[in-house]
Amino acid sequence: MDVAIVGIGIHPFGRTPGRSGLQQGAYAARQALKDAGVEWKDMQFGFGGSASAGSADALVNELGLTGLPFINVANGCATGGSSLISAYNAIKSGEYDIGMVVGFDKHERGAFNADPKQMGIGEWYGEKGLMITTQFFAMKIQRYMDMYGISRDTLAKVAQKAFMNGSMNPNAWRRDEIPLDEIANSFMVSDPLTKYMFCAPGEGGIALVVCRADKAKQYTDKPIYLKAAAFRSRRFGSFEVFAPSQALQQVDGPTVDAASAAFEMAGVGPKDIDVMQLQDTESGAEVMHMAENGFCEHGEQEALIQAGETRIGGKMPVNTDGGCLASGEPIGATGLRQVYETCLQLRGNAEARQVPNDPRLGYTHVYGAPGISAVTILQR
Amino acid sequence: MSKKIPIAEGLFTWPSDNPALLGSRCQECGIAEFPRKLSCPACGSENVVSEELPRRGKLWTWTIQGFMPKKPYLSDETPETFRPFGVGYVELPGAVCVESRLLENTAEDLKIGMEMELVVGTYRHDEEGNEIVGFAFKAAN
Ligand SMILES: [Zn+2]
């Protein structure tokens with residue numbers, strides 16, 4: 001049984017002082033139900049998650065106590081992707097016809113604070129100032145630039161493109177373009193990455209109504225089919241965050257594994273993809289994820305990005321909604337935002353930021369601590 | 001009289017005139033890890049033994065921490081006296097890549113592949129004035 005997305009909803013990303021994370025999730029859920037032309041009581045199941053805004057299953061108090069099974073999902077940055085995969089499997093199993101996937105969050109300002117003990121690492125690691133995700137991202141791209149000839153200017157261009165796309169997205173947090181030299185010369189957070197090259201913890205909510213593919217046309221004339229959904233964790237030897245040591249011999253990270261599983265599941269290849277949303281926690285991540293997901297060879301990003309090929313209208317449009325850089329990162333919602341944007345693009349409803357030539361296949365990719373990745377392939 | 005106290009037990013040989021980092025080595029598959037663990041991260045075997053890691057290695061990658069970290073960061077610094085610090089992975093031959101603070105803290109002084117050496121010394125002071133001893137790497141002479 002194939003799976004289709006028949007309803008999509010979003011609560012604008014950014015900062016909404018008057019509204020809790022849960023209320024932002026409910027807002028998105030109501031929109032998704034309306035989009036599919038169904039009601040909450042029609043939902044046979046729910047999967048959802050939030051990292052800092054309470055239990056997702058509390059949504060039933062907002063939307064109605066219908067008795068449906070609602071399962072909380074908690075999987076770091078891959079929470080949204082994991083919820084969607086759970087729903088995908090629930091429908092594929094034949095057990096359910098229709099249900100909801102939802103993710104929302106509301107984080108405090110500033111970088112995420114990590115506790116070494118929770119990760120099984122000694123307190124000395126945090127005391128010495130090593131328990132900091134931004135350092136990992138910087139060290140990964142630092143080595144990558146050295147190995148494959150990626151320039152600092154290319155990192156700035158990734159962020160510039162994100163804010164350019166964000167300026168065309170009414171649901172983005174940062175909707176003003178930022179000049180290239182301002183990005184390059186902003187505060188050096190962790191060499192080679194400056195302030196504007198990092199995303200920030202934020203707020204937002206996304207909901208999707210998913211159903212059996214053979215019933216999709218009942219709800220919409222533009223169903224988007226989930227051709228693949230794959231999730232992988234790290235193997236020994238991949239370079240990951242919060243690692244006091246790592247292997248001498250490197251192996252491919254979880255992104256590479258999840259991507260190849262997803263392509264195999266969907267029976268398509270990277271060249272077939274028309275629009276892609278790739279985890280861009282910072283500029284360097286987008287660069288590396290282009291190759292790790294199979295869209296180019298290592299090092300080719302330099303020429304592709306310099307030529308503008310990852311912009312809307314380019315050969316391989318990446319993060320058409322502005323990505324995490326322009327949207328911020330509400331952990332529970334971030335992976336589902338990518339799916340929401342892909343649905344808009346494949347339906348032809350992305351307005352000012354619509355990718356030309358009727359895109360047919362879309363791709364989403366999340367990556368998070370401590371080394372997990374989820375990929376989906378969507379088709380209209 | 002102030003004492004010298006290691007930042008954590010078992011991270012490096014202590015007391016010692018010439019300390020070394022302490023790792024564990026799997027007797028089944030040969031993989032080394034730092035700090036010491038009770039099992040092997042590659043194969044899960046519990047047949048691991050402690051060993052001293054090499055004191056020199058090559059810089060594998062690096063960055064510079066530009067802002068003063070929030071808790072759990074603990075140092076003698078204040079926001080006024082904080083200075084950016086280097087962080088990197090040093091590839092210890094035949095053993096493992098170890099993450100460490102670096103004594104160098106400018107992009108000009110750091111290059112992937114450069115030779116680094118271990119330094120064990122005072123990292124901060126506790127409330128009683130004791131010296132808390134930690135490890136770092138610096139460019140080798
Ligand atoms: Zn082993």
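The values are calculated or read from the model by the stated rules, or taken from the named source; none is laboratory data. Because the structure is a prediction, the values reported are computed rather than measured. Ideal geometry is used to build each Cβ from the backbone, glycine not excepted, and the neighbour counts take in all protein chains shown.
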Within the range B:74-93, the residues that are closer than 25 Å to residue B:117 by Cβ and out of contact with any strand residue (DSSP E or B) (no Cβ under 8 Å at 6 or more places or on another chain) are B:77, B:83
Pairing a residue in the range B:14-31 that is over 13 Å from residue B:92 (Cα atoms) with any residue that is of a type in the set (A, V, I, L, M, F, W, C) and more than 8 Å from the ligand (Cβ to nearest atom), where Cβ atoms lie under 6 Å and the two sit 6 or more apart in sequence or on different chains, gives B:19/B:12; B:19/B:120; B:25/B:32; B:25/B:49
Residues of the range B:38-68 being more than 10 Å from the ligand (Cβ to nearest atom) and of a type in the set (S, T, N, Q), in sequence order, are B:50, B:61, B:63, B:65
message = I'd like to check something: does the range B:53-67 contain any residue that is under 17 Å from residue B:13 (Cα atoms), in a loop (DSSP other than H, G, I, E, B) and more than 10 Å from every other protein chain (Cβ to nearest Cβ)?
response = yes
Counting only strands (runs of 3 or more DSSP E) wholly inside the range B:68-141, the ones holding at least 3 residues that are in contact (Cβ under 8 Å) with a residue 12 or more places away in the chain and of a type in the set (Ser, Thr, Tyr) are none
Going through the range A:215-238 in order, the residues found to be in a helix (DSSP H, G or I) and surrounded by fewer than 21 Cβ atoms within 10 Å (Cβ to Cβ) are A:215, A:217, A:218
Among residues of the range B:68-96 being among the aliphatic types (A, V, I, L, M) and within 8 Å of chain A (Cβ to nearest Cβ), the residue farthest from residue B:124 (Cα to Cα) is B:95
Of the listed residues (A:108, A:123), the one being facing chain B (nearest Cβ under 7 Å) and either under 30 Å from residue A:18 (Cβ atoms) or surrounded by fewer than 17 Cβ atoms within 10 Å (Cβ to Cβ) (or both) is A:123
Note: among A:284, A:299, A:269, just one is surrounded by 18 or more Cβ atoms within 10 Å (Cβ to Cβ) and of a type outside the set (Asp, Glu), namely A:284
The residue from A:209, A:189 that alone is over 30 Å from residue A:352 (Cα atoms) and outside any helix (DSSP H, G or I) is A:189
Given (1) among the β-branched types (Val, Ile, Thr); (2) crowded, with 21+ Cβ neighbours inside 10 Å; (3) free of Cβ contacts under 8 Å to residues at least 60 places away in the same chain, residue A:256 misses just (2)
Within the range B:26-37, the residues that are touching a strand residue (DSSP E or B) at 6+ places or on another chain (Cβ under 7 Å) and more than 13 Å from residue B:53 (Cα to Cα) are B:26, B:27, B:37
Here the residues within the range A:189-214 that are buried (at least 23 other Cβ atoms within 10 Å of the Cβ), at pLDDT 95 or above and away from chain B (no Cβ under 14 Å) are A:203, A:204, A:205, A:206, A:207, A:208, A:209, A:210, A:211
Scanning the range B:11-34 residue by residue, those in a loop (DSSP other than H, G, I, E, B) and away from the ligand (no atom under 16 Å from the Cβ) turn out to be B:11, B:13, B:14, B:15, B:16, B:17, B:18, B:19, B:20
